[in-house]
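Worksheet: the structure to be examined is printed underneath.
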Amino acid sequence: QVSPGLRTPRLPVWVCSVSGRHGVLFGTDSRLLSDWKCERVFHLYFYSGQQEQTQTAHLTIDTHSHPWEEAQREDPCSPGKRRPALEMAIRTKWAGATISWNGTEPFS
């Protein structure tokens, strides 16, 4: 029998398979589970346990950003608009969100 704590988590947590790698995407604010107003700007963390990942990635998600704000931050020499797979996975829940990696080098 599954514990009620596993059926209804107290904190937002997702087990992900991104580009063939498994990891955990989680938040530390329980209000994300019950209050949609908290989904404006919030933090998520991702950990895969892979050898290349030396620390948990701290991501800031902004669901009310505007496309032109993100375009201003892009490096003009960057090739195209290709985004890391983890960002695309996050956008399946929060379409159009701007995701900041807070100094961590984005990975697939």
Self-check item: Hits in the range 1-25 - residues which are open to solvent by 80 Å² or more (accessible area, probe 1.4 Å), within 25 Å of Gln51 (Cβ to Cβ) and in a loop (DSSP other than H, G, I, E, B)
Solution: Ser19
Quiz item: On the given criteria, is Thr28 without any contact (Cβ under 8 Å) to a residue 12 or more places away in the chain, open to solvent by 60 Å² or more (accessible area, probe 1.4 Å) and β-branched (Val, Ile, Thr)?
Solution: no
Quiz item: Right, Arg21: modelled with pLDDT of 90 or more, closer than 16 Å to Phe107 by Cα and basic (Lys, Arg) or not?
Solution: no
Quiz prompt | Close pairs (9 angstrom Cβ cut-off, 6 or more residues apart or separate chains): in contact (Cβ under 8 Å) with a residue 12 or more places away in the chain in the range 36-52, among the acidic types (Asp, Glu) and part of a loop (DSSP other than H, G, I, E, B) anywhere | solution = Phe42/Asp29; His43/Asp29
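The values are calculated or read from the model by the stated rules, or taken from the named source; none is laboratory data. All values reported here derive from a predicted model rather than from experimental measurement. FYI the Cβ positions are ideal-geometry reconstructions off the backbone, even for glycines, and counts take in every protein chain you see. Protein only, heavy atoms only, side chains kept; ligands, DNA and RNA dropped before computing areas. Shrake-Rupley method; radii C 1.70, N 1.55, O 1.52, S 1.80 Å.
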